[in-house]
Structure formats: C-alpha cells, structure tokens
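First comes the structure, then the notes that go with it.
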Amino acid sequence: MRLESGLDCTDNPYKAGNLGVSVLKGLGVFNDDGVHVHVNQLFDSIPPEWRERYLVTNDSATDDDSV
C-alpha cells in the first residue's frame, strides 16, 4: 500500500523514481548498477559503414577541431 502511494506521488517524481529503482533492485531485476563495456567492444559494435561518421582518427583530426 505505501509502496503504491509512494510511486503514485506527484510531489517529487525523483523520490518516486528512486523508490521504484530501489524496489526493482530488491526484487533482483537490477543485478548490477554498472555497465561494463570494453572500448573495443563498443567500437566493434558500430557498423563499418557508420564508423567514419562516429569515430575520428588522428589522420582526420585537424588543429581547427581542437578547442
């Protein structure tokens, strides 16, 4: 009952969201808070035809690009 009223509370949506996350953690829905992705796995997940759009190499970087 209190959980439902806490989630339905519109006074502070952040507290309601935090309550929901805490309950889901307790139920085992969220087993790990962190996302562990190796950089190479991330790069390899980008389709080859899109890599030029999302990745910058030293050859393509110029002094104008640095801030």
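We did not get these values from a lab; they are worked out from the coordinates using the rules stated. Since the model is a prediction, treat every value here as computed from it, not as a measurement. Don't worry about glycine lacking a Cβ; one is built from the backbone with ideal geometry, like all the others, and counts go over all protein chains shown.
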Quiz prompt | Nearest-0.05 FRET efficiency for V39 and E4, computed from C-beta distance (R0 30 Å) | solution = 0.10
Quiz item: What is the gain in length, in nm to one decimal, between L19 and E52 on full extension, counting 0.36 nm per residue of separation less the C-alpha to C-alpha distance?
Solution: 7.7 nm
